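Here the structure comes first, spelled out in structure tokens, and everything after it is commentary.
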Amino acid sequence: MDNSFSQLINLMARLRGPAGCPWDREQTPESLKPFLIEECYEVIEALDEGSPDKVKEELGDLLFQIIFHARIAEEQGAFTIQDVAGTIVDKMTRRHPHVFGGEKVSTSGEVLANWEEIKKKEKAHQKRTSILDGVPQGMPALLRAHGIQKRAARVGFDWNELDEALPKLDEEIAEFKESLKTKDATAIEEELGDIFFTLVNISRFLEINPEDALRKTISKFIHRFRYIEENAAEAGRSLKDMTLDEMEKLWQEAKKK
């Protein structure tokens, strides 16, 4: 095992030990959940920024969380970090028979098809009754919708071309507009959800990750809005005192930069 990895394992053992850190010793798998999720998103943000040093740092923070969970499990007699590594090595070897066995494939589509068939035979998946089982409920809604739609598409429940998908979006928008007339909050929410779901499906059809697309749009909005804030501050004005037309003018300037 690499020395730095061994050092990390030993560091965690010391943090959790009798003479370790009071905060680290108090943590449980439940209390660590928010940190695990946060670190995953910070890795994604670093990947978006494209800085190798930032990615390296954030991957380290995520790895620390994995070691943390494994250490707690070891203390409970459940498993060790070595067990974690061994389990994923076995799984990836088993699911890549075209690399580690004699099976032949020529496309990534064949790889995915084989992957699903192999998963069905694994003990952890044998109790699943639907191809949609296994998409985590805790995932962000856009990602979960994307994952569910991808699975449905694998068995042919999909459009053949984009021209078939776009009318569905028009249909859902029309139904949403009709729901607004009823002023029924439940119906409006449902129809709005249908629009989101259809947009996710279109993005999947175009091979665009909806979470990535929305995250980039949010970053773009933040950049442009900050431009408005900065220009207002330079003019000694508060945004509350500016008209919408004035802010829109600055917004258009930001778009050109």
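The values are calculated or read from the model by the stated rules, or taken from the named source; none is laboratory data. No experiment lies behind these values; they were computed from the predicted model shown. Backbone-built Cβ (ideal geometry, glycine too); neighbour counts: all protein chains shown.
Which residue, of Glu164, Glu246, is more than 30 Å from the chain's Cα centre (by Cα) and either among the small types (Gly, Ala, Ser) or more than 21 Å from Val135 (Cβ to Cβ) (or both)?
Every option except Glu246 fails the conditions.
Out of Glu74, Glu26, Glu30, report the one residue that is charged (D, E, K, R), more than 30 Å from Ser219 (Cα to Cα) and touching a Ser or Thr at 6+ places or on another chain (Cβ under 8 Å).
Of the residues listed, the single one that is charged (D, E, K, R), more than 30 Å from Ser219 (Cα to Cα) and touching a Ser or Thr at 6+ places or on another chain (Cβ under 8 Å) is Glu74.
Give Arg215, Arg204, Arg226 a once-over and let me know the one that is surrounded by 15 or more Cβ atoms within 10 Å (Cβ to Cβ) and over 25 Å from Asn160 (Cα atoms).
None of the others qualify; the one that does is Arg215.
Go over the candidates Ile188, Ile202, Ile218 one by one and state the one that is in contact (Cβ under 8 Å) with a residue 24 or more places away in the chain, under 30 Å from Asp158 (Cβ atoms) and within 28 Å of the chain's Cα centre (by Cα).
Ile202
Would you point out which residue out of Gln137, Gln149 is of a type in the set (S, T, N, Q) and touching an Asp or Glu at 6+ places or on another chain (Cβ under 9 Å)?
Gln149
Quick one: which helices (runs of 4 or more DSSP H) sit completely within segment 99-183 and have at least 1 residues that are assigned by TED's automatic domain parsing to the domain that holds Arg204?
Ranges flagged: 141-154, 162-182.
Residue pairs, Cβ under 7 Å, 6 or more apart or interchain, first in segment 137-157 and over 19 Å from Glu110 (Cα atoms), second surrounded by fewer than 14 Cβ atoms within 10 Å (Cβ to Cβ) and modelled with pLDDT under 90. List them.
Every condition considered, the pairs that remain are Ile148/Leu132.
Of the conditions (1) within 29 Å of Ser179 (Cα to Cα); (2) out of contact with any Ser or Thr (no Cβ under 6 Å at 6 or more places or on another chain), Pro210 clears all except one; give me its number.
The single condition Pro210 does not satisfy is (2).
Taking into account only those residues within segment 74-99 that are free of Cβ contacts under 8 Å to residues at least 12 places away in the same chain and more than 20 Å from His125 (Cβ to Cβ), which is surrounded by the fewest Cβ atoms within 10 Å (Cβ to Cβ)?
The residue in question is Gly77.
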